[in-house]
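Right, one structure below, let's go through it.
The values are calculated or read from the model by the stated rules, or taken from the named source; none is laboratory data. Only a predicted model underlies this, so the values are computations on that prediction, with no experimental measurement involved. Here the Cβ is made from the backbone with ideal geometry for all residues, glycine too, and neighbour counts use every protein chain on show. Ligands, DNA and RNA are stripped out before the accessible areas are found, and what is left, the full protein with its side chains, is counted by its heavy atoms. Shrake-Rupley method; radii C 1.70, N 1.55, O 1.52, S 1.80 Å.
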Amino acid sequence: MDTGVITFSPQLLRIYGIEARELPAADDSYLIRVHPADRARARAAIQRALETGECFQFQQRIVRTDDSVRVLRTRGSIARDASGKAQRILGMSQDVTAQRTVDSMLRSQQERYRLMIDSVRDYGMFVLDAEGRISSWDD
């Protein structure tokens, strides 16, 4: 914490789409590529962890150098010395962009299915077992 040096793993550099030499050694450098609309929330979560000693967790968008946007789930904690002084911020980020896209598509499909079911007026319903035989139906 005293030096202001930030270190990203090779995997995190790849996710961010940056080279290690692009990491500035300055306050808030962990926000280097965080989407401007998400910076205050990310900063507040880490500040809260510094003040309370609790772990932090949040989702954020990052804007890569090619202008593509990725969604990361970030979590971590504050390493402290024996006196309780914050020494390091330890964290990890997982790229959940694809998962969020799939979740959004599933929600969309579920909504279409719900609308289809809700729009039916005269209907009959039945349940098939694993072999495709009718196991129950409505009366």
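In the range 116-127, of all residues being open to solvent by 90 Å² or more (accessible area, probe 1.4 Å) and not charged (D, E, K, R), the one that is farthest from residue 12 (Cα to Cα) corresponds to 123. Exactly one of (1) farther than 22 Å from residue 98 by Cβ; (2) assigned to a helix (DSSP H, G or I) is unmet by residue 11. Its number? For residue 11, the exception is condition (1). In the range 2-44, of all residues being open to solvent by 90 Å² or more (accessible area, probe 1.4 Å) and of a type in the set (Asp, Glu), the one that is modelled with the lowest pLDDT corresponds to 27. Residue-level analysis places residue 68 outside the set of residues that are more than 22 Å from the chain's Cα centre (by Cα), of a type outside the set (D, E, K, R), under 30 Å from residue 5 (Cα atoms) and surrounded by fewer than 11 Cβ atoms within 10 Å (Cβ to Cβ).
Given the condition in contact (Cβ under 8 Å) with a residue 40 or more places away in the chain, assigned to a helix (DSSP H, G or I) and out of contact with any Cys (no Cβ under 8 Å at 6 or more places or on another chain), answer yes or no: does some residue in the range 67-75 qualify? Write out each step before concluding.
Step one: filter the range 67-75 for residues in contact (Cβ under 8 Å) with a residue 40 or more places away in the chain, giving 68, 70, 72.
Then drop every residue that is not assigned to a helix (DSSP H, G or I), which leaves none.
No - not one qualifying residue is present in the range 67-75.
The conditions of being over 22 Å from the mean Cα position of the chain (by Cα), at pLDDT 90 or above and surrounded by 11 or more Cβ atoms within 10 Å (Cβ to Cβ) are not met by residue 73. Taken over the range 86-112, the criterion of being over 17 Å from the mean Cα position of the chain (by Cα), of a type in the set (D, E, K, R) and either loosely packed, with under 10 Cβ neighbours inside 10 Å or in a helix (DSSP H, G or I) (or both) is satisfied by 107, 111, 112. Among residues of the range 37-62 that are part of a helix (DSSP H, G or I), those with a beta-carbon under 7 Å from a residue that is of a type in the set (Phe, Trp, Tyr) and crowded, with 19+ Cβ neighbours inside 10 Å at least six positions away or on a different chain give the pairs 45/56; 46/56; 48/56; 49/56.
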